[in-house]
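**Student:** The structure under discussion is supplied below as structure tokens; questions concerning it will follow.
No value in this document is a laboratory result; all are computed from the given coordinates. Computed from a prediction, not measured in an experiment: that's the story for all the values here.
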């Protein structure tokens with residue numbers, strides 16, 4: 001592994017995170033359940049991880065505000081615009097993953 005200055009590494013990680021969040025915003029057709037079934041994380045997970053990191057730093061961020069940062073809009077608005085009903089295939093995949 002290349003030795004990278006820790007400050008630069010943090011900047012690169014932050015830029016990568018911003019790119020991931022923007023990619024998810026640009027692709028709302030990708031459902032959270034699909035992300036969970038394929039990658040074992042979703043937009044809500046990112047929100048929780050962000051909130052947890054803030055808590056560790058002593059920052060009191062509201063979870064709904066953090067979710068809005070990730071979704072690019074209030075969570076309920078995103079759900080109303082983009083969240084589809086879970087299909088039987090998605091539900092089956094979720095149940096199978098739980099049993100592992």
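**Student:** Any idea what angle helix 88-99 forms with the longest principal axis of the chain, computed on alpha-carbon atoms, 0 to 90 degrees, nearest 10?
**Tutor:** Roughly 60 degrees, rounded to the nearest 10.
**Student:** Taking the chain on its own, what percent of its Cα-Cα pair distances exceed 24 Å?
**Tutor:** Everything past 24 Å amounts to 35 percent.
**Student:** To the nearest 10 degrees, how steeply does helix 43-56 sit against the main Cα axis of the chain, on a 0 to 90 scale?
**Tutor:** With rounding to tens, the tilt is 40 degrees.
**Student:** What is the helix-to-structure angle for 6-26, meaning the angle in degrees between its Cα long axis and the longest Cα principal axis of the chain, kept from 0 to 90 and rounded to the nearest 10?
**Tutor:** Compared with the principal axis, the helix lies near 30 degrees.
**Student:** What span do the alpha-carbon atoms of the range 12-58 cover on each of the three principal axes, reported in whole Å from largest to smallest?
**Tutor:** Computed over the Cα atoms, the extents are 34, 20, 14 Å.
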